[in-house]
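Note sheet for the following structure.
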């Protein structure tokens with residue numbers, strides 16, 4: 001096994017396109033372990049690609065690496081904002097690219113690891129030209145939803161943007177609100193904006209790896225076991241502390257994260273402990289399903305089966321081979 005200290009920094013890709021490693025996969029697929037293994041054997045620095053780990057104080061429910069792990073393997077783009085603040089895919093793309101440049105300037109290789117596929121897409125493909133969020137308009141939409149319900153707001157979306165309405169469920173308040181907001185601000189349907197071509201070029205030679213389980217049942221078992229561990233570590237106390245410290249409600253973006261939403265409902269007396277666990281595990285399984293759907297639609301990732309033993313040696317061999325010969329940019 002090569003020692004990290006003896007491995008050369010990657011010189012094969014051209015200076016204009018230095019290497020970057022992307023490690024994707026659904027929740028509970030083993031990405032963190034693989035990233036730390038690679039960080040112990042290659043000159044890489046880890047960049048978190050996780051829309052929940054950007055929030056401070058949300059440690060247990062996001063499976064955030066602990067202080068000891070972060071001391072051994074520094075992680076970037078973690079603990080960026082408070083739970084009541086907003087963080088977007090567009091901001092992630094800017095932050096990640098800036099951090100990648102810093103890492104490259106140190107002679108190291110960026111290793112972007114996580115499961116927020118929209119963040120990966122924003123970095124690889126760019127984002128559509130959407131208007132920024134408007135707090136006053138969002139409040140107006142929420143007020144109207146309070147009168148007629150989100151299914152009623154979905155009917156309004158159906159009227160002005162039937163294409164978006166067809167892909168958004170009537171109970172998905174977050175996406176209904178954003179779709180309506182964009183329509184009102186831009187003066188045209190969200191679906192029309194999303195269909196416009198995007199011109200984007202990531203100036204890196206990408207080595208793209210994905211963990212994809214051949215047996216979904218194994219992943220479901222890991223998800224349930226991991227959530228039980230989160231409960232044992234004090235997830236409910238963590239959410240209780242956040243509720244006391246910040247002005248939040250059940251519609252706050254940070255509290256919509258899986259696990260946190262269900263813990264909020266439990267602390268609000270809406271559901272009991274057993275139902276809370278069942279809903280959280282079910283929601284996490286749905287998240288994993290969406291992540292796998294994203295991966296199936298992406299071109300470029302080299303997929304490794306993570307259903308049983310995580311194939312760290314195969315992944316290491318694949319990455320080092322591509323670092324030697326130079327990888328083709330993902331398009």
_Test for residue 207: is it touching a helix residue (DSSP H, G or I) at 6+ places or on another chain (Cβ under 6 Å), at pLDDT 90 or above and within 30 Å of residue 20 (Cα to Cα)_ = yes
*Considering segment 100-119 alone, what residues qualify as being under 21 Å from residue 25 (Cβ atoms) and in contact with a strand residue (DSSP E or B) (Cβ under 6 Å, 6 or more places away or on another chain)?*
100, 109, 110, 111, 112, 113, 114, 116, 119
*With respect to residue 203, determine if the residue is surrounded by 19 or more Cβ atoms within 10 Å (Cβ to Cβ), more than 30 Å from residue 134 (Cβ to Cβ) and either in contact (Cβ under 8 Å) with a residue 60 or more places away in the chain or touching a strand residue (DSSP E or B) at 6+ places or on another chain (Cβ under 6 Å) (or both).*
no
*Give the residues of segment 193-217 that are within 23 Å of residue 277 (Cβ to Cβ) and within 21 Å of the chain's Cα centre (by Cα), sorted by residue number.*
213, 216
*For segment 43-52, name all the residues that are touching a strand residue (DSSP E or B) at 6+ places or on another chain (Cβ under 8 Å) and farther than 13 Å from residue 103 by Cα.*
48, 49, 50
*Residues that are touching a residue at least 60 places away in the same chain (Cβ under 8 Å) and surrounded by fewer than 18 Cβ atoms within 10 Å (Cβ to Cβ), drawn from segment 74-84*: 82, 84
*Only one of 112, 130 is surrounded by 14 or more Cβ atoms within 10 Å (Cβ to Cβ), part of a strand (DSSP E or B), touching a helix residue (DSSP H, G or I) at 6+ places or on another chain (Cβ under 8 Å) and in contact (Cβ under 8 Å) with a residue 12 or more places away in the chain; which?*
112
_Condition first: touching a strand residue (DSSP E or B) at 6+ places or on another chain (Cβ under 6 Å) and surrounded by 17 or more Cβ atoms within 10 Å (Cβ to Cβ). Can you find one or more residues in segment 284-297 that meet it?_
yes
_Only one of 244, 222 that is under 22 Å from residue 53 (Cβ atoms) and either loosely packed, with under 13 Cβ neighbours inside 10 Å or not assigned by TED's automatic domain parsing to the domain that holds residue 303 (or both)_ = 244
*Search result, residues across segment 225-239 that are surrounded by fewer than 15 Cβ atoms within 10 Å (Cβ to Cβ) and either free of Cβ contacts under 8 Å to residues at least 40 places away in the same chain or touching a helix residue (DSSP H, G or I) at 6+ places or on another chain (Cβ under 9 Å) (or both)*: 225, 228, 229, 232, 237
*Identify, please: which residue in segment 34-73 is assigned to a helix (DSSP H, G or I) and without any contact (Cβ under 8 Å) to a residue 60 or more places away in the chain and is, among those, surrounded by the most Cβ atoms within 10 Å (Cβ to Cβ)?*
36
*Could you tell me whether segment 5-20 includes any residue that is under 24 Å from residue 216 (Cα atoms) and at pLDDT 95 or above?*
no
*For segment 83-99, enumerate the residues that are closer than 26 Å to residue 315 by Cβ and touching a strand residue (DSSP E or B) at 6+ places or on another chain (Cβ under 8 Å).*
92, 96, 99
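The values are calculated or read from the model by the stated rules, or taken from the named source; none is laboratory data. Because the structure is predicted, anything quoted here is derived from the model rather than measured. Cβ atoms come from the backbone with ideal geometry, glycine included; neighbour counts cover every protein chain shown.
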